[in-house]
Structure formats: C-alpha cells, structure tokens
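Q: Starting off with a structure, shown below.
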Amino acid sequence: MNNTKYSLRSSLRLGVLASASVFALTGCLSSSSSTDEEPGGVTPPPPRQPVSVTTFAPGEVSANIRRTDYGVPFITSDSLEGIAFGTAYAFAEDNICVLADQIVRFNSERSRFFGPDAVLGSGDNGNVINDFTYKALRLRERAEDNLDSLTENTRASLQGYAAGYNAYLADTGVDNIALPCAGMPHVRPITEVDMLTYALGVALLPGAANFLQPLFIAVPPGESFNPMPVMPTGDGAFEMNIDLASIDVPDPNPEELGSNGWALGSELTENGQGMLLANPHFPHVGNQRFWRFGVEIPGEMKVVGGSLSGMPGPVNIGFNENVAWTHTFSTAERFVVYQLELDTSDESGLTYLVDGDERQMTARTHRITVATGPGTSIELERTFYESSFGPMMSIPGQFQWGMNFQGQTSAFALYDANLPNFDIVDHWLALNVARDIDDVEDIMERYTGIIFNNIMAADRFGDTFFMDGSSVPDLAPEALERIRTDPVLVAVRVDAPFTLVPGNRSVYMSRGTVPADRAPRLRRTDFVQNSNDSYWLTNPASPLVTSDYFGTVTGNNGEAPDYTLFGRFNNQQSWRSRMGQQKLTELSGATLTEVEEQLLSNRAYLAEAVLDDLITHCSARGDTPVTTANGAVDLSAGCAALAQWDARMNQDSVGAVVFREFAQRFATNPQWQVPFDRNNPTTTPNTLNPNDTVLQQLAQAIQTIEAAGFAVDAPLGDVQFVERSNPDGSPSGNRLPWGGANNIEGGFNVFRSQGADDGTLLPRHRYATLPGSQLSEQGYHITSGSSWMFVMRFTDEGPEGRGLLTYSQSSDIFSPHFLDQTEFYSQQPRLAPIRFQEADIEENTIRSYTVGASNDD
C-alpha cells in the first residue's frame, strides 16, 4: 500500500479520510472514485494542496487523554484510528454498560443473555421480539456484507473504536467495571462489525425501531407468528404472550425527542462573526445519552462537542476553529408504508401484483438463542417475509396482512430510508473538519448520514446555513401527487403518523433518499433556527415553500423540489417555536452572555400570552366554587399563586406548578379569541377567551396538584427534581431541585419525565404520574430534556464557548463525574467554559494518561 502522507484537511474538503499504513490520509474522493463527475451531475470541487500528516507505523495505535474539569476528555492522536481508540477508551470508562447493552440489542442477543422477557418474569417476550425482528432486518448481515466496501475513514473509526473499548475492558477486567454490568457475561470484547451493526441500529431509531411488534407479527393469513424450537421438545411452538389488540400504529418519536438550534450570522452578532446556540432535548438515561469530548490530530483536526452514546469517533454536535453546527429532530418522514395488492388467486398470500405482474415475497428463516434458566437455553426459529418494497408488517384491524383495505385485498410493507445507512461516520467526520459554510453545503450534498436531523451551522465569516438533512424516501412526482390528492391516502396521513403509498405500480417505489438539492435549505447572514417545527419558518423573513423559494429551479434528475414528505407549512407553530422566534427578535449585536441568557431564561411563551388575562378572570370569580367532574373547587388560592408568579420556571417561582397544570389542560382544548392566521404564524393564535372552560381548566389543575399532595403555592423547586437510580434500579433518594420549563407551557429550555422504554435493559426507577399530568406524588421527576447544550461564538482569537451536559459525563455511580455537572446546574441554571484553546486545556487538566494497543494483538 502507498505510504505517502497527505492532509486530513485536504481530504475532508471532499468529505473523506482514506488510509495508508495505519490509516494514513489521502486527498481522493473515495477509494473507488476516478471520475470527474458524480451521479446526478454534481461536480466535486477541486482538492486543495495536500500537506503532511504523521501516521503510526503498522501495528501501533495510541492516544493521549486529558480529562479536564467535569471529567470532559480531550483526546489527541496522530491518526484517525488513534482518535477513535482514545474516544472509545474514555467513553467506556464513563458509560461502558450503555454500549455493552446496545451491542447485544442490535446483534439480536438479548434473549441469549437475559431470557425471553424485557421485564424479567413479566411474560412480555420483549427480548424475543427484539432479537427476531433485528435479525429479520438483517443488521448484522448487512454489516458483515458491506464492511469491506466502506470508506477507509469509516473502517479506521470502527476498528479504532472497537480496539479502544476492548483495551479498556482488558485493562480494567469485566469484574471491575461499573455496575450494574460488572461481571456480566454479555460484556465481551467487540469487533468493528459489532460497531457497524450498532451504528446501523441507531439509524433506525426514528423509524423501523418503533415497528418491532408490527414487523414481528407479520405473517400470511393462517400462519402463526409463534417461533418453533429448532430441536423438537414435544412442547410444540414457543407460545408468545402478545395482546394483538394492544398493537397500535407506532409513534415515530415516542420520547418526544426535540431540540432548539440557532445559527447567528454577521448581521446579528456583535463582532460580525458567527455564533451558535445548541440545545438538544434528549433522554438523560438510556441509549440516547449524549457524552462530551474533544479530539485533535495536531495541525489537522481539532473539534469539541458531544455525541450520542457509542458513536464511533466524530463529534455529532460541536465546533472547530471555523465552523459550528447543531441538529434538531426533523419533521420529515424517514419511512413510508406500502400497500401491496395481493394476488387473490394465491391462497398463501405471498404473491402481490406490481404493474399487473406477479411478484413473490422472499421468505427468510432466522434463529435466536433464548436462555431458559441458569446454564440452559433453547434455540428458536421463525420465518419472516420481505417484498421488493421492504419487510412485511401488520397492525391488526388497521393495516393487517390479508385484509380488505378500501376494496383491495392487501398486505403492508415498511420502507425505511435509513435501512441501511452507511454514511453516518463519513458525514459527521466531514463536518468535524469543515472550514466554512461552503464546505457544509458541499458535505450535505455528498452524504445523508445525519439520519433524522436538521442542521444549523455558522462559520467564522458570519454565514449561516440550514438544511433538513434527514434520510427521506425519494418518491417520484407521480407518487407524491397521488399522496396529496387521493382522499384515502390523505385521510391516512391525518390519522396515522406515516404516509401510505400504493405498492401496485413500480413508479411508486422509492428511488433511495431525497438528494440535497431537493431538500429544504436556506443560507443567510442574519439567522437560521429550528425548534422542531418544519423547515417553513427557518427564518420568517424568507419562508421556505416549494414553489415560492425555488421558482423554476430544478433539482436532481431535472425535478422541482417537493417538500411533501418534509413536514407541514402554513401551519400553527408550537409554543416553543414561537418562544424561540420571539427571543430572536430581541437580539441585536448579540454577545455570548446575551445568547446564554436567552437559552437559560426559563420563560414560558403561553404564560406571556395569557397570564395577565387568566389572573384577571380567576380573580373576578373570587371564592365562588367551580364545579368539575371531581367536585367543587375554590380557585382563590390557585389564583393568588398565579398572581405571585414571575412567569418564569425557576426553582423559586411560586405559581409555576399551577400554570403548568393549567397549560396541560389548555393544550387539549385551547380558548383563544384570535385564531391562527397563516399570514401571522409567529403571533397567532392569541388573546385568551375568558370563559367558563378556562375556569374549569384551572380548577382541574388545582385538583391535580392537591391530589399529588402539594400546596398550590409550592415553589417549582419543591416539586421538580432530578433523582438518579441506584445500580439495581431503586431510587437513590438524592433529589436535586431543578429549574426549567416544559413544552406544554411554551418553554425553550425544557425538561420532562421520560417514558418507560429508554432503549436499554439497564434498571431504573420511575414514578407513576397522575392522569392527564406529568406530576406524580413525588413531583416532576426529570429524566429527559436539555442535555448537551452550549452557546459559542467565533472571535479573532479563535472560538469561545460555554456549555454543560446537564446529567454529567458518567453513568457510573462511583465516578466523581456521575453528578458534578448536574449539581452545578441545580444550584442555578448556568453554563461553564468549554475548553478549546491548548493553554486552557492544559491549565484545566485534572488527569492525563496515554492508552494504546497493537493491531497485531
């Protein structure tokens, strides 16, 4: 192999890092690219002149890890593989149990180690469903089959990350790692195939991962979905305890993943250089925890930020010397469901018609191992079916195999645009070394690896950029027109959280993912923003709609952009989006301090819209009771609490709890005098309608608070708290008071309780909430919301930033960094300096060590 050393920066101008020896760096587009023009007519920019970068000799890999304040690691190496190695080693020190759990999950081995049930002894068979369904989606098989065809950048990252994880496990010993996985048999050395399988699984989180039950039960009429023992036991099939009536249309975002993101440009910042606000709202426990770190290949790559647990190498949200970027969960559709027309002459239900021609479904039989007791197990097998449109799925009574759906005998298939997605590592790696917004736009055109996200980016020159970078099925214009105009398909889109597409014509088959030149995008020098509404009002001064924005411009294959699958426009905005838009109007000559204050102010948009009128209305009622279904309520104490409220969701805010519970009910039946007007989307609806319904809502709020055992004038900090679980899942008892708003009242910096499923089998405690509320008898138990958040600006001296990981670096209860950032934030909502400059890193290093291994081991 050629051992010439090239520039990392040069090669990443084209979005790739290739290798020689132990992943030396080259300036080529990819290992197989030799043409001047890519498919679709996109001509790559010329490479910049390469410069030398030192790489290791074969068989050596190492990294230096410097832990700064709050345990944030800064990893230095002189190869991409070394960076991944050090990153994995440091991550495993902090969170090895999370990644070990996920490796087992996506490798379809939960049943092997933990038995059939996700909740031990419950009979839910959750692990069996997990294992068979991911086997049917062929994650591991796809990883094995495609590993050798990946770019060498991805190979370097996967290989280095697996080696770093294994080095930590070997150095520490499985019996000495963190609880609760210390000494557990599922914690084993991993390979680059394991890491690729994991990455492919992460890509399915907004799509197929939410359809495990519908995919598992999908069998032709008359066939059982119960798996069979491979070696007959005389007991027949392995009976699955599945309540078919409980299987409903899945929620593609069950944990309410959200975020706020601002990229501020030269027109809006004090120094005319770019600024960024990053505020992901993600779970504080489980597989979607963020983790902070920084990496550097001296002279070539330096970036700080945070990534989802176990992502191999690159920073997901962060900044380098030139560009800062963040992501928000997009409204785009990452999957569609196809309605197949079954051939009624085939009683097996395995033949479907496309363009009038018969097609046969593909049957694949998969096996899993299920632990049945200490040292005993059984091997099970099941046959799953795939169509040319995707794997088969079934939702009883709604989208069921063999049902008559609108006069057509039908079956249903799931097409997930992220199955598979091999761009993930390359895409984020390219962003890590982007030099300006031109680079960012180029990278977004080359890759579709940010899965389900919008991107907002700013550079040091004061340019900003937005794009919905989700992997969206690329449907032909004929299919999109049918979706918009067919009454049945329109009705399904309204009632179900997905689009139903006819599968009886080949023209309706997805052509892959929508290319960048047909996705919503905007470049400006004032700002771009998103708070999880659609692309439409990225900047209200330049609304994004297909025809108005692009005019006669055509995209890939000569087609005009069509945003049908990217979300709604001309629609009412969420309170949080309106709060963000309001905050942006208040900025001029923005400083870092001002942007941090906007992030952490704990304002509530709904309160600013209705509080004064609400107080006037309830004060007029006096102590005359309001009757609800649960009895009569005197509003006077609750109204008095509202009168004391500062309209902020801070710890000392009296009245905040009353307003939140009121907002919870107001959301289901809002009372406005001025309705929504699409011509004034950031200010309508408005003006409270002071009627009896509003008084009923306030009365119900007071009843809920009192039923939970709290006084209506309790400060928010007496009700809202963070409490971690012990390793066995029991409550720790250490409750930290917590300030912060919620989506329901229009907060910006939001927190909430997480659902039952955090994507892992790691034990944790939850408190039962009261009906129609997030309040429990213990209070508001915060386990999700603002996570890795930061504000930053570019200066002539380099980037400057302040940030915090609200739930801290480590999930190890014995780590000094298990709760330190959490305690810091609990004392007062605030951020801390982000260490980027070398002198700052060195001055604040609390521990430095070098880790390494030989590739010959």
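The values are calculated or read from the model by the stated rules, or taken from the named source; none is laboratory data. Everything numeric here is computed off the predicted structure, so don't read it as measured data. Using ideal geometry, Cβ is built from the backbone for each residue, glycine included, and neighbour counts are taken over all protein chains shown. Surface accessibility is based on the protein's heavy atoms, side chains included, excluding ligands, DNA and RNA. Shrake-Rupley method; radii C 1.70, N 1.55, O 1.52, S 1.80 Å.
Q: Could you tell me whether any residue of segment 60-68 is over 30 Å from P227 (Cα atoms), small (G, A, S) and open to solvent by less than 10 Å² (accessible area, probe 1.4 Å)?
A: yes
Q: From the list L158, L200, which residue is under 22 Å from N287 (Cα atoms), of a type outside the set (G, A, S), buried (at least 23 other Cβ atoms within 10 Å of the Cβ) and in contact with a Lys or Arg (Cβ under 9 Å, 6 or more places away or on another chain)?
A: On inspection, the qualifying residue turns out to be L200.
Q: From S122, S149, grab the single residue that is touching a Phe, Trp or Tyr at 6+ places or on another chain (Cβ under 9 Å) and surrounded by fewer than 20 Cβ atoms within 10 Å (Cβ to Cβ).
A: S149
Q: Consider segment 512-528. How many of its residues are more than 13 Å from F566 (Cα to Cα), of a type outside the set (D, E) and open to solvent by 10 Å² or more (accessible area, probe 1.4 Å)?
A: Number of matching residues: 5.
Q: Given A178, A143, A170, which one is open to solvent by less than 20 Å² (accessible area, probe 1.4 Å) and part of a helix (DSSP H, G or I)?
A: Only one candidate qualifies: A143.
Q: Something else about it: If you go through segment 244-283, how many residues are over 17 Å from I437 (Cα atoms) and open to solvent by 40 Å² or more (accessible area, probe 1.4 Å)?
A: 9
Q: Does segment 319-327 include one or more residues that are part of a strand (DSSP E or B) and within 19 Å of I75 (Cβ to Cβ)?
A: Within segment 319-327, one or more residues are part of a strand (DSSP E or B) and within 19 Å of I75 (Cβ to Cβ).
Q: State which residue is surrounded by the fewest Cβ atoms within 10 Å (Cβ to Cβ) when the search covers only segment 286-319 and only residues that are at pLDDT 95 or above and touching a Lys or Arg at 6+ places or on another chain (Cβ under 6 Å).
A: The residue in question is E296.
Q: Quick one: would you say G183 is open to solvent by 20 Å² or more (accessible area, probe 1.4 Å) and either farther than 30 Å from K583 by Cβ or over 31 Å from the mean Cα position of the chain (by Cα) (or both)?
A: When the stated conditions are applied, G183 passes them.
Q: In addition: Give I455, I437 a once-over and let me know the one that is in contact with a Ser or Thr (Cβ under 9 Å, 6 or more places away or on another chain), of a type in the set (V, I, T) and closer than 20 Å to M301 by Cα.
A: From the options I455, I437, the qualifying one is I437.
Q: Same structure, new question: Go through the residues of segment 474-490 one by one and say whether even a single one is more than 26 Å from the chain's Cα centre (by Cα) and closer than 22 Å to Q573 by Cα.
A: There is at least one residue in segment 474-490 that is more than 26 Å from the chain's Cα centre (by Cα) and closer than 22 Å to Q573 by Cα.
Q: Of all residues in segment 451-486, which are part of a loop (DSSP other than H, G, I, E, B), within 28 Å of G272 (Cβ to Cβ) and open to solvent by less than 10 Å² (accessible area, probe 1.4 Å)?
A: G462, G469
Q: How about segment 97-119: which of its residues are under 24 Å from the mean Cα position of the chain (by Cα), crowded, with 24+ Cβ neighbours inside 10 Å and not in a helix (DSSP H, G or I)?
A: Within segment 97-119, just S108 meets the criteria.
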